[in-house]
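Q: Mind looking over this structure? Questions follow.
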Amino acid sequence: MSAEATGPIRGSVRSVEGKGVVRIEDRFEAPIDELWSALTSPDRLARWHATVEGDLRPGGEFRTYVESDDVEKTGRVETCEPPRRFVVTTRETDESWRRGQGAAPFDATIEVTLSPDGDQTTLVVEVRGLPLEPLAFYGAGWQLHAERLHAYLAGREVLDPGARFEELVPAYQTLAAGIEG
């Protein structure tokens, strides 16, 4: 089952084999190489999303820390095809989970695809393997990540992420309503 919305919502949610999937598709006013760098350079990632340490080559393992959420994850680079596509698997650490007490740690696969269109680039992020019950919250969170990336690339201040997250959640709850495993 799948659901989509228009307007300020850039994502869709669905289930595949009992696991949640969030898909965010968005267009950026940046050439593909600029967007690729913002997504894969540890220095640049730290400015808008998370600190990243480790081996970012295929087969390499890494750690991320998202300060705004106090979430630490481990991950592995599955595929890297610059500047168009990468796939990573991630899992929240047990220590991080105990601090936040959200969904128990699970393996998620994140696939990012970039498609150039002149001076713009279309970004598609698909996150698979999510728990179904909090799927709306994951959808809102991934859209918030895309919005933070827009602000970073435009040199704008990021809006209050907590308030924006609260604005997004009801729309994603509507999208997720009725999705079954």
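FYI, it's all coordinate maths here, none of it is from the lab. Owing to the predicted nature of the structure, the values given are computational and were not obtained by experimental measurement. Note that each Cβ is placed from the backbone with ideal geometry, even for glycine, and that neighbours are counted across all protein chains shown.
Q: Taking every alpha carbon pair in region 1-87, what does the distance histogram look like in 10 angstrom bins from 0, in percent?
A: For region 1-87, the pair-distance distribution reads 14, 35, 41, 10.
Q: Within region 143-157, what residues put their amide N at less than 14 Å from the label point 7 Å along the Cα-to-Cβ vector of Asp119?
A: It comes to 154, nothing else.
Q: Three principal axis extents, largest first, for the C-alpha atoms of region 64-121, in Å?
A: 45, 23, 15
Q: Also, I was wondering about something else. Based on the Cβ-Cβ distance of Thr109 and Glu157, what FRET efficiency does E = 1/(1 + (r/R0)^6) give at R0 = 30 Å, to the nearest 0.05?
A: My answer for the efficiency is 0.40.
Q: Continuing with this model, one more query. In whole Hz, with x marking every Gly and Pro, tabulate ³J(HN,Hα) for region 68-84 from phi via Karplus 6.51 cos²θ - 1.76 cosθ + 1.60, θ = phi - 60°.
A: 4, 10, 6, 10, 10, 10, 10, x, 9, 7, 8, 9, 8, 10, x, x, 10
Q: Right, next: Order these peptides, 155-162, 47-54, by their mean beta-carbon neighbour count within 10 angstrom, highest first.
A: Numbers: 155-162: 10.6, 47-54: 15.1.
Packing order, densest peptide first, comes out as 47-54, 155-162.
Q: Moving to a separate point now. Which value, in Å to one decimal place, does the Kirkwood hydrodynamic radius take for region 74-181 when every pair of different Cα atoms is included?
A: 15.7
Q: Something else: Could you pull the Cα extents of the chain along its three principal axes, largest to smallest, in whole Å?
A: For the chain, the Cα spread along each principal axis is 39, 37, 31 Å.
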